[in-house]
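The values are calculated or read from the model by the stated rules, or taken from the named source; none is laboratory data. Keep in mind that what you see is a predicted model, and the values were worked out from it rather than measured. Positions of Cβ are generated from backbone atoms using ideal geometry, with glycine treated the same way; all protein chains shown enter the neighbour counts. Please note that ligands, DNA and RNA were not included when accessible areas were found on the heavy atoms of the full protein model with its side chains. Shrake-Rupley method; radii C 1.70, N 1.55, O 1.52, S 1.80 Å.
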Amino acid sequence: MRIARFSIDGNVAFGAVEDGPDGLVLDIIKGIPYADFELSGTKVPLSKVRLLPPVLPNKVVAIGRNYAEHAAELGNEVPDVPVAFFKPTTSVIGSGDAIEYPSFSNELHHEAELAVVIGRMCREVPRERVKDVVFGYTCANDVTARDAQRREKQWARAKGFDTSCPLGPWVETDLDPADVTIQCTVNGEQRQLGRTSEMVRSVEDLIVHITEAMTLLPGDVVLTGTPAGVGPLNVGDEVAVTIEGIGTLTNKVIKRG
């Protein structure tokens, strides 16, 4: 099931994305999707709503250098243990929202990633229980100020600036993340093309590792790393992240105003 979060006429709701006779529609959900919920039967065309970030995470835990070819293209080795960092909630935007080019950077990069959405509060999750705590998956773009990342070493500003974490367009609850295609295009030109089977550490590995240290809450997001091919974004560019079985996350880059 595809679960979207959207606004219409000033109201915010969750809905199940379905095929309709004239295109995609949203069947509005009663309640919140992390608990037991019902479909209301009230349907609105997707074209009539504004898609919002599919979740409002308490935290976004991101993993760096989880694809060997990406680590190599930036002159890095694959770390012995996963490299984790945070992106703040203020970095999160939805599909169709603008990425604002930060004033402190001259080298903005795209990083297409599979995002894991947590469905229940969890800590110290054993490998065999990881599927029980995952709500679903969505597309992400770990937008990075690469020059600031090199200059400052610590990645808080380089990867945590406002609008640096596009998520969407919705959450797919029925997906096997082991081997799906991840693609990134800029202005229609392919930049990244990889498969999740190329990840150094699997979704299960990452959830086990993260929850050894911290509690994850419903709606929290884990970014699983990016394949090779990262590259520059400029003001006016349209960047799209497409993941097999989920959909396409699209954002335009604008000057921070």
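Which numbered condition trips up residue 33, out of (1) closer than 21 Å to residue 139 by Cβ; (2) modelled with pLDDT of 95 or more; (3) open to solvent by less than 80 Å² (accessible area, probe 1.4 Å)?
Failed condition: (2).
So the check is Cβ under 9 Å with 6+ separation or different chains; which pairs have a first residue in segment 186-210 that's touching a residue at least 12 places away in the same chain (Cβ under 8 Å) and assigned to a strand (DSSP E or B) and a second one that's crowded, with 20+ Cβ neighbours inside 10 Å and among the aromatic types (Phe, Trp, Tyr)?
194/67; 199/67
Mind checking whether some residue in segment 159-168 is hydrophobic (A, V, I, L, M, F, W, C), in contact with a Pro (Cβ under 8 Å, 6 or more places away or on another chain) and in contact (Cβ under 8 Å) with a residue 40 or more places away in the chain? Explain how you work it out, then say what you get.
Residues of segment 159-168 hydrophobic (A, V, I, L, M, F, W, C): 161, 165, 167.
Then drop every residue that is not in contact with a Pro (Cβ under 8 Å, 6 or more places away or on another chain), which leaves 161, 167.
Adding the requirement that they be in contact (Cβ under 8 Å) with a residue 40 or more places away in the chain leaves 161, 167.
Yes, because at least one residue in segment 159-168 is hydrophobic (A, V, I, L, M, F, W, C), in contact with a Pro (Cβ under 8 Å, 6 or more places away or on another chain) and in contact (Cβ under 8 Å) with a residue 40 or more places away in the chain.
Given the structure, is residue 198 open to solvent by 20 Å² or more (accessible area, probe 1.4 Å), farther than 20 Å from residue 85 by Cβ and acidic (Asp, Glu)?
Values: open to solvent by 20 Å² or more (accessible area, probe 1.4 Å): yes; farther than 20 Å from residue 85 by Cβ: yes; acidic (Asp, Glu): yes.
Yes; evaluated as a whole, the condition is true for this residue.
What number of residues in segment 126-159 are under 29 Å from residue 15 (Cα atoms), outside any strand (DSSP E or B) and not charged (D, E, K, R)? Let's see the steps before the verdict.
Residues of segment 126-159 that are under 29 Å from residue 15 (Cα atoms), as a first pass: 129-143.
With outside any strand (DSSP E or B) added as a condition, the list becomes 129-133, 142-143.
From what is left, the residues that are not charged (D, E, K, R) are 130, 133, 143.
Counting residues in segment 126-159 that are under 29 Å from residue 15 (Cα atoms), outside any strand (DSSP E or B) and not charged (D, E, K, R) gives 3.
I'd like the full set of residues that are free of Cβ contacts under 8 Å to residues at least 60 places away in the same chain, β-branched (Val, Ile, Thr) and not in a strand (DSSP E or B), limited to segment 78-106. Show your work before the answer.
As a first pass, look at segment 78-106 and keep what is free of Cβ contacts under 8 Å to residues at least 60 places away in the same chain: 79-80, 83, 89, 104-106.
Cutting the leftovers down to β-branched (Val, Ile, Thr) gives us 83, 89.
Answer for segment 78-106, where residues must be free of Cβ contacts under 8 Å to residues at least 60 places away in the same chain, β-branched (Val, Ile, Thr) and not in a strand (DSSP E or B): just 89.
Can you run down the residue pairs with Cβ atoms below 6 Å, 6 or more apart or on separate chains, where the first is in segment 1-17 and within 19 Å of residue 247 (Cβ to Cβ) and the partner is open to solvent by 80 Å² or more (accessible area, probe 1.4 Å) and at pLDDT 95 or above?
Partner pairs satisfying both residue conditions: 7/50; 16/1.
What residue, of 36, 27, 22, is more than 24 Å from residue 119 (Cβ to Cβ) and without any contact (Cβ under 8 Å) to a residue 24 or more places away in the chain?
Working: 36 fails: more than 24 Å from residue 119 (Cβ to Cβ); 27 fails: more than 24 Å from residue 119 (Cβ to Cβ).
One residue alone meets the criteria, 22.
Within segment 160-183, is even one residue open to solvent by less than 40 Å² (accessible area, probe 1.4 Å), closer than 24 Å to residue 103 by Cα, of a type outside the set (S, T, N, Q) and in a helix (DSSP H, G or I)? Steps first, answer last, please.
Taking segment 160-183 and keeping what is open to solvent by less than 40 Å² (accessible area, probe 1.4 Å), we get 160-161, 163-172, 175, 177, 180-182.
Imposing the further condition that a residue be closer than 24 Å to residue 103 by Cα reduces the set to 160-161, 163-167.
Okay, now just the ones that are also of a type outside the set (S, T, N, Q), so 160-161, 165-167.
If we keep only those that are in a helix (DSSP H, G or I) as well, we get 160.
Yes, some residue in segment 160-183 is open to solvent by less than 40 Å² (accessible area, probe 1.4 Å), closer than 24 Å to residue 103 by Cα, of a type outside the set (S, T, N, Q) and in a helix (DSSP H, G or I).
Does segment 18-30 include one or more residues that are of a type outside the set (Ser, Thr, Tyr) and within 18 Å of the chain's Cα centre (by Cα)?
Keep residues of segment 18-30 that are of a type outside the set (Ser, Thr, Tyr), which gives 18-30.
Filter once more, so that each one left must be within 18 Å of the chain's Cα centre (by Cα): none.
Among the residues of segment 18-30, not one is of a type outside the set (Ser, Thr, Tyr) and within 18 Å of the chain's Cα centre (by Cα), which makes the answer no.
In segment 40-77, which residue that is without any contact (Cβ under 8 Å) to a residue 60 or more places away in the chain, open to solvent by 70 Å² or more (accessible area, probe 1.4 Å) and within 24 Å of residue 168 (Cβ to Cβ) is nearest to the chain's Cα centre (by Cα)?
50
Among (1) under 20 Å from residue 56 (Cβ atoms); (2) under 17 Å from the mean Cα position of the chain (by Cα); (3) open to solvent by 10 Å² or more (accessible area, probe 1.4 Å), there is one condition residue 140 misses while meeting the rest; what is its number?
Residue 140 satisfies every listed condition except (3).
Being in contact (Cβ under 8 Å) with a residue 24 or more places away in the chain, closer than 15 Å to residue 164 by Cα and either open to solvent by 60 Å² or more (accessible area, probe 1.4 Å) or in contact with a strand residue (DSSP E or B) (Cβ under 7 Å, 6 or more places away or on another chain) (or both) is true for just one of 228, 240. Which residue is that?
Numbers: 228 fails: closer than 15 Å to residue 164 by Cα.
When all the criteria are applied, what remains is 240.
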